[in-house]
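Below: the structure, in structure tokens.
The values are calculated or read from the model by the stated rules, or taken from the named source; none is laboratory data. Note that this is a predicted model, so its numbers are computed, not measured. Cβ atoms come from the backbone with ideal geometry, glycine included; neighbour counts cover every protein chain shown. Heads up: the accessible areas ignore ligands, DNA and RNA and are worked out on the full protein's heavy atoms, side chains in. Shrake-Rupley method; radii C 1.70, N 1.55, O 1.52, S 1.80 Å.
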Amino acid sequence: MGDEERKLGFLEKAIRLIPGYKGYKNKEERRDNDQLFRGQLVQKLDAVRIGLNEVINGLRGPAALAAAGDMDRLVKRLEQVTDEVRFAERGYRGWFDMHKVREEELDRLYEFDSGLAEDVALLETALGSLGEAARSGEPFTAHTGGMLDILFKFSGKMASRSNLLIDLERNRPMD
Amino acid sequence: MVKKLEIIEWLDDTGKEIVHREPQSGSGEFRIGSQLVVRESQEAVFFRDGKAMGVLGPGRHTLTTQNIPFLTELVGMAFEGEGSPFRAEVYYVSKKTFVDMKWGTKEPIIFRDKELAMVRLRAFGQFSIKVNESLLFVNKLVGTEGRYTADAIEGFLKGVIISRLADLLGETLESIFDLARVYDEIGTLGKARLADDFEKYGIQLVDFYINAITPPEEVQKRIDERSSMGALGDMNAYMRYKTATAISDAAQNESGGGGAATGVGLGAGVGMGATMAQMMTQSLNQGQPQQGAAAAAALVVCPSCRKQVPPAKFCPECGKAMGASCPKCGAAIANGAKFCPECGQKLGGQTCSCGAEIPSGSKFCPDCGKKVE
């Protein structure tokens, strides 16, 4: 993530010599990097949604009607989680805010988002099992339940994400 | 004329625009270093020299074009006032969800119902969409238009919805009477079924709701009548209800204004009344002969008062003992029986001096009261 990993153009190097600009740019690049990574996660979650639609489309007649309720709930929850990732906070506080966001906090945010990839992988595996169960005509309520559990945990994690930006120890009120 | 270094941004005041081209008309000639600002709810597709170079997400982007100061002016001179040949345009795509789009059937859908045979159904509802793949959407649907609104695509999407829904209803539903409990399910299946149709244009169907699926008015009326019939219990009650309604209607008609219309109303009322009466008689007659025969079979003649009474030990009319009992097994015996229905004992055979037949087991003649020897 450091400057030494990539080559900067002349203008980019020059502009970083302006006092205060380098810190601003470093933070901005971390935020952009995190946003790009989350964009990849969103793409994967979208692929899971399309996969779920495929499962629904594969069902016919009474079986389709019977499964529709569970599948609807699953798709809606997945859409909610996808939006939570897509529109997650970038990590910004104003100039004179007491709880500042430094490069360390932004790095923690990126690490947190990297961890989400494991949950997405779990969802992809669960979707595979669900698809197989649906194709073979087995009841798949257990599979949809399993996927919902993963999504609920995912949402729980996302809710705690903004806590990473608050370092109460370091940002104690001054006397 | 090559434009100066500029800041390119787009804010939608109408709330209806899905795609907005910058500049809205003519070719764009943005200079190198122009700043493109993209909002969080937007994406920008950057075209340079007619080629889609990429999709730019939220943020500020410094555009790289070949419109370099001085050089562009120099090259542009060769094109006699047509400006720079280095064209650059930006298509802003709104990524927000366009809600409250409505769909509905212009023509009814023919549906084969298990109970009502062929029914024409009308349906309507709401849906919402958002652009999922900006590049795909711009290239497949927008082309080079300067402005593309949700209204422009709504008609096409409605057509797709109706066509898929007709298919889905035929596959999943057996009777429209089941509709009330499967609205949500049909909505879910419809959304999944429509997803492919929408996504091939880079659109995501975010929500799909069915507000109502209704048969035509005349079928609804028949359904209501059937429900009333069910509530009333049986056919006779229904016919009486219908007759009463018809008579009441006819009475109201009669008291209306005079002239030919009254005559027609009265005539129709009388005719209808006659028809109803006939129908009622028929319906009543259907039950009456059977009931009459059953009742006649159930009655017996009292040996004392000679009246037809229900079978009992004592006559409800005169209070005297009815019938007799078998002398062998004691079972009750109907009047005039020749054998006991229980043990087969031959009965009767005794006749009084007055000529009346004396039932078996009787001590006195039921006619003259003379003691049986």
FRET efficiency for B:Ser175 and A:Glu132 from the Cβ-Cβ distance with R0 = 56 Å, rounded to 0.05, comes out at 0.95
Sticking with the crude label model, points 7 Å out along Cα→Cβ, report the distance from B:Arg120 to B:Glu6 in nm, one decimal please.
5.4
Taking every Cα atom in the range B:1-144, find the radius of gyration and the maximum pairwise distance Dmax, and write them in Å.
22.1, 80
Compute from the Cα atoms of the range A:1-45 the Rg and the Dmax, the latter being the longest Cα-Cα distance, and quote both in angstrom.
13.2, 41
Can you compute the radius of gyration and Dmax for the range B:17-73, using only the Cα atoms, both in Å?
12.0, 37
Which of A:Lys157, A:Lys44, A:Lys22 moves most in a GNM of chain A, Cα contacts under 10 Å?
A:Lys22
Kindly provide the Kirkwood hydrodynamic radius of chain A in Å, to one decimal, from all pairs of distinct alpha carbon atoms.
18.8
Whole angstrom only: what separates the Cα centroid of the range B:129-175 from the Cα centroid of the range A:97-111?
43
Using a 7 Å offset from the Cα along the Cα-to-Cβ direction at both A:Lys100 and B:Asp197, what is the distance between the two label points in nm, to one decimal?
5.7
Measure of exposure for B:Phe124: accessible area at 1.4 Å probe, Å² rounded to 10, is 110
Relative contact order for chain A: what is it in percent, counting Cα pairs under 8 Å that are at least 6 residues apart?
29
Environment charge of B:Gly344, counting only residues whose C-beta is closer than 12 Å and scoring Lys/Arg +1, Asp/Glu -1:
+2
Counted charge near B:Arg122, where neighbours are those whose Cβ lies closer than 13 Å (Asp, Glu -1; Lys, Arg +1)
-1
In terms of modelled amide H atoms, which long-range or inter-chain residues lie less than 5 Å from the amide H of B:Asn67?
B:Ile32
Report the FRET efficiency, 1/(1 + (r/R0)^6), for A:Glu12 and A:Asp32, where r is their Cβ-Cβ distance and R0 is 22 Å, rounded to 0.05.
0.95
What is the Cα centroid distance between the range A:136-171 and the range B:52-125, reported in whole angstrom?
35
For the range B:1-54, what relative contact order do you get, as a whole percent, if you take Cα pairs closer than 8 Å and at least 6 residues apart?
41
The simple spin-label model distance between B:Asp100 and B:Cys368, using points 7 Å out along Cα→Cβ, in nm, is 10.6
For B:Arg164 and B:Arg112, what is the calculated FRET efficiency with R₀ set at 22 Å and r taken between the beta-carbons, to the nearest 0.05?
0.80
Using protein chains only (no ligands, no nucleic acids) and a 1.4 Å probe, work out which residues of the range A:72-92 have their accessible area cut by at least 20 Å² relative to the chain alone.
A:Asp72, A:Lys76, A:Glu79, A:Arg86, A:Phe87, A:Arg90
How many percent of Cα pairs in the range A:49-91 exceed 11 Å?
68
The answer for the net charge of residues other than A:Arg86 whose Cβ lies under 11 angstrom from its Cβ, with Lys and Arg +1 and Asp and Glu -1, is -3
